[in-house]
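The values are calculated or read from the model by the stated rules, or taken from the named source; none is laboratory data. The structure displayed is predicted, hence computed values, not measured ones. Counting neighbours? That spans all protein chains shown, and the Cβs are built from the backbone with ideal geometry, glycine included.
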Amino acid sequence: MSTPVLEISDLHMRIDEKQILKGLTLTIKGGEIHAVMGPNGTGKTSLAQCLMGHPRYQITGGSVRLDGQDMLAMKPDERARHGLFLAMQYPSEISGVTTANFLRAAINARREDGSSISLKEFRDRLDEVMRYLDMDPKFANRYLNEGFSGGEKKRNEILQMLMLKPRIAILDEIDSGLDIDAIKVVSKGVNSLKGADFGALIITHYQRILDYVRPDFVHIMVDGTIVKSGGPELALELDKKGYEWVRTELAQSTNQA
Amino acid sequence: MSEMILDQTSQAELNSLVEERFGHEPEWSLKRRREAVHALLNLDWPRLERTPLKKRKLDQIALFQAVPAPGVRPTPAPDGWAEIWLDNNQVVSVSVPDTLSQKGVRLEALNEALGDPEVEAQLGRLLGQDEDKVAALNGALWQGGVFLRVPAHLREVVQVSIRCHATAEAQAVFSKNLIICGSESHVVVTQRLETDDGGMKTMLSENTEIIVEDGGRVDFGAIQQCAPTVEGFIHRSGALGHDAVLNWNIGEFGSGLVVSDHVSHLNEPGASTASTTVFFGAGSQHQDYSAKSYHHAPHTTSNMVARGVMKNKARSVFTGLTQIEAGAKGSDGRQKEQTLMLSGDARADAIPSLIIDERDVFAAHAASAGPIDRAAVFYLTSRGLSEAEAERMIVHGFLAPVIDSIALPELRDEVWDAVERKIRA
């Protein structure tokens with residue numbers, strides 16, 4: 001399969017009357033790991049959800065293309081079938097639906113009609129991935145996210161990602177609320193997909209996860225747009241100086257202009 | 001006569017109709033019918049707070065129609081089962097395995113059993129005929145039904161299937177069923193109610209009375225899948241002796257209007273009842289359910305669970321009542337009702353109530369009615385499932401704990417099939 005390219009271009013978006021994204025531009029290619037960092041309330045989660053097609057967001061300008069195809073014209077399930085994946089910050093709890101049944105349905109939804117995955121092939125793959133992520137096999141038969149701890153939910157998101165093998169994955173605060181061991185497991189999952197046919201956008205508030213998933217690009221997002229981009233060193237600088245530094249620098253550059 | 005409608009009919013006409021059709025019945029039965037005719041003209045349609053019946057024009061239905069000839073031909077019952085088929089309220093087939101009939105299990109048309117003093121003594125004790133106009137219509141004009149008698153102390157579990165079907169020609173289906181389970185016996189009853197599509201408006205009034213003697217157990221399962229033209233009034237009531245058990249598994253899917261209830265009278269210490277109702281409304285269906293548990297004696301237990309799904313413009317009301325009387329010490333009564341709405345036009349009310357007149361008891365209720373969680377739908381679609389598939393999965397998950405608790409595998413599968421059809425409809 002060819003190397004994926006996700007192009008977000010001058011994206012404007014609002015919820016009700018509130019403008020959230022104000023001309024955001026970002027391109028993610030296969031083989032690249034991007035990190036978007038920024039203070040709380042700056043629109044990071046909204047960006048993630050709107051890329052996936054959450055109906056509450058209203059796009060007011062710009063475009064999102066995956067391999068040249070207009071994502072904004074597609075519903076979330078079509079975007080997913082084109083290879084987009086969103087690991088959610090707060091995954092829903094689905095009562096009465098086991099993780100295994102759900103994943104099997106999701107895998108089959110991506111396949112051409114009549115070629116559903118056999119139960120054995122599915123089970124083998126699921127067992128393998130769960131072992132890789134140090135997950136208790138019992139998880140497969142528990143209801144999706146119901147009664148899961150925060151860490152278990154995040155692990156489950158990564159499990160889904162590894163099972164569905166997306167081309168571009170957006171990970172929304174996959175590290176928040178995790179202890180270091182859990183962060184290592186989650187990172188191991190992301191790293192295992194690294195390659196020319198996989199690109200990732202890691203949205204985070206903290207630098208910590210970037211010690212384990214090394215980004216190629218770091219972007220700082222403030223007030224609905226990317227204000228600064230750089231390499232992995234930018235995350236370290238941010239960690240040292242804090243978000244106030246970005247705000248001050250931003251203010252200075254605006255004043256100079 | 002068959003064209004008569006209610007608001008143009010006199011008592012004299014009705015009386016002669018009763019004589020003509022039921023004159024051969026024992027005097028006690030005929031007398032009750034005459035009393036019901038008398039009551040009929042003075043009673044109103046049922047008054048239901050959230051289900052106005054006026055605009056449904058029930059009195060325009062050909063209520064006095066003679067039953068049309070039976071339609072379907074029965075297929076053989078599963079091995080070991082006793083089975084009775086009613087078509088347009090006429091028994092078209094009865095089969096009782098020899099092993100059961102030799103031990104005294106009786107499964108027959110109720111009309112044929114009216115000479116039995118036990119039937120005379122028990123019929124109508126739990127469901128009267130002067131509550132409202134539907135009850136009186138049923139009392140005056142009931143055409144058929146089932147009598148099931150299971151003697152005491154049977155070692156094996158008796159399995160009984162009751163199949164009630166009506167063709168599209170039937171416009172008035174009034175029936176009565178009487179089930180008596182003897183002491184320390186155990187009977188499993190599965191009732192299927194179905195009517196063909198494409199007919200005129202039909203009134204279906206179905207009364208089932210269940211008596212469970214000391215230490216006996218009845219598992220009563222029913223699945224209703226009538227045509228949208230049906231206006232259904234389905235009443236079920238049970239009386240329990242010492243340590244008796246009555247379990248209800250009710251699946252309600254069909255009928256344009258359905259007013260349905262099931263009631264358990266826990267008359268003696270140690271009696272217990274569990275009830276599970278699953279309902280699913282679509283189109284413009286209106287469903288008014290209630291379940292009632294009356295604790296008349298100490299150390300009685302009840303557990304009522306209901307889950308329903310409403311889509312399109314369907315409307316449901318579920319009223320649960322748990323009543324613990326003074327003196328019913330050590331009783332335990334619980335209820336839980338949950339409804340899921342799939343569209344903005346659907347409406348569901350869950351109305352739980354507890355009436356407790358005794359201190360030393362445990363009682364609890366919980367109810368919720370809410371729209372489908374859009375965040376959950378988004379979550380599932382973000383993994384590649386279509387919106388319809390995501391909703392289907394959420395509905396499945398919502399109903400699974402209740403449907404999977406149905407002990408009878410056949411009934412459980414049929415309920416799942418019915419749910420599947422409703423989701424996809």
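Assorted remarks:
- Of all residues in region B:402-420, those being in contact (Cβ under 8 Å) with a residue 60 or more places away in the chain and part of a helix (DSSP H, G or I) number 8.
- Qualifying residues in region A:101-123 (those that are surrounded by 19 or more Cβ atoms within 10 Å (Cβ to Cβ) and in contact (Cβ under 8 Å) with a residue 40 or more places away in the chain) - the one nearest to the other protein chains (Cβ to nearest Cβ): A:Ala106
- Of the residues in region B:5-18, at least one is farther than 30 Å from B:Asp116 by Cα, of a type in the set (A, V, I, L, M, F, W, C) and surrounded by fewer than 17 Cβ atoms within 10 Å (Cβ to Cβ).
- Of all residues in region B:100-113, those that are on the phi < 0 side of the Ramachandran plot have Cβ atoms under 7 Å from Cβ atoms of residues that are assigned to a helix (DSSP H, G or I) and of a type outside the set (Gly, Ala, Ser), 6 or more apart or on another chain, in B:Ala113/B:Val119.
- Residue check, A:Ala80 touching a residue at least 24 places away in the same chain (Cβ under 8 Å), outside any strand (DSSP E or B) and under 18 Å from the mean Cα position of the chain (by Cα): yes
- Region A:78-87 - residue that is within 7 Å of chain B (Cβ to nearest Cβ) and buried (at least 24 other Cβ atoms within 10 Å of the Cβ) and, of those, nearest to B:Arg383 (Cα to Cα): A:Ala80
- Scanning region B:321-336 for residues that are buried (at least 23 other Cβ atoms within 10 Å of the Cβ) and out of contact with any Gly (no Cβ under 8 Å at 6 or more places or on another chain) yields B:Ala328, B:Ser331, B:Gly333.
- In summary, strands (runs of 3 or more DSSP E) completely within region B:254-320 and bearing 3 or more residues that are surrounded by fewer than 24 Cβ atoms within 10 Å (Cβ to Cβ) and in contact (Cβ under 8 Å) with a residue 60 or more places away in the chain occur at B:257-266.
- Qualifying residue in region B:86-108 (condition: in contact with a Pro (Cβ under 6 Å, 6 or more places away or on another chain), surrounded by fewer than 18 Cβ atoms within 10 Å (Cβ to Cβ) and part of a loop (DSSP other than H, G, I, E, B)): yes
- Residue in region A:63-76 that is within 11 Å of chain B (Cβ to nearest Cβ) and part of a helix (DSSP H, G or I) present: yes
- Looking across region B:23-45, the residues that are assigned to a loop (DSSP other than H, G, I, E, B) and either touching a residue at least 24 places away in the same chain (Cβ under 8 Å) or closer than 19 Å to B:Ala113 by Cα (or both) come down to B:Gly23, B:His24, B:Glu25, B:Pro26, B:Leu41, B:Leu43, B:Asp44, B:Trp45.
- Taking the criterion of being outside any loop (DSSP other than H, G, I, E, B) and out of contact with any Leu (no Cβ under 9 Å at 6 or more places or on another chain), the residues of region A:191-207 that qualify are A:Asn191, A:Gly195, A:Phe198.
- Verdict on A:Ile226 being surrounded by fewer than 22 Cβ atoms within 10 Å (Cβ to Cβ) and among the β-branched types (Val, Ile, Thr): yes
- A:Tyr206, sole failed condition from (1) under 21 Å from A:Phe122 (Cα atoms); (2) surrounded by fewer than 21 Cβ atoms within 10 Å (Cβ to Cβ): (1)
- Condition check for A:Lys188: in contact (Cβ under 8 Å) with a residue 12 or more places away in the chain and within 26 Å of A:Leu6 (Cβ to Cβ): yes
- Considering residues of region B:384-425 that are among the basic types (Lys, Arg) and under 24 Å from the mean Cα position of the chain (by Cα) only, the residue farthest from the other protein chains (Cβ to nearest Cβ): B:Arg421
- If you filter region A:43-62 down to residues that are among the hydroxyl-bearing types (Ser, Thr, Tyr) and within 13 Å of chain B (Cβ to nearest Cβ), you find that the one that is farthest from the chain's Cα centre (by Cα) is A:Tyr57.
- Taken over region A:88-100, the criterion of being within 11 Å of chain B (Cβ to nearest Cβ) and either touching a Lys or Arg at 6+ places or on another chain (Cβ under 7 Å) or assigned to a strand (DSSP E or B) (or both) is satisfied by A:Pro91, A:Thr98.
For every residue, the table says whether it meets (1) closer than 15 Å to B:Glu231 by Cα; (2) crowded, with 19+ Cβ neighbours inside 10 Å; (3) more than 15 Å from the chain's Cα centre (by Cα).
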| position | (1), (2), (3) |
| --- | --- |
| B:Gly145 | no, yes, no |
| B:His153 | no, no, yes |
| B:Val157 | no, no, yes |
| B:Val160 | no, yes, yes |
| B:Gln171 | yes, yes, yes |
| B:Ser175 | yes, yes, no |
| B:Gly182 | no, yes, yes |
| B:Val189 | no, yes, no |
| B:Glu194 | yes, no, no |
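- The lone criterion from (1) modelled with pLDDT under 90; (2) surrounded by 12 or more Cβ atoms within 10 Å (Cβ to Cβ); (3) polar (S, T, N, Q) left unmet by B:Asn42 is number (2).
- A residue that is part of a strand (DSSP E or B) and on the phi > 0 side of the Ramachandran plot occurs nowhere in region A:38-47.
- Any hit, region A:124-135, residues being among the acidic types (Asp, Glu) and assigned to a loop (DSSP other than H, G, I, E, B): yes
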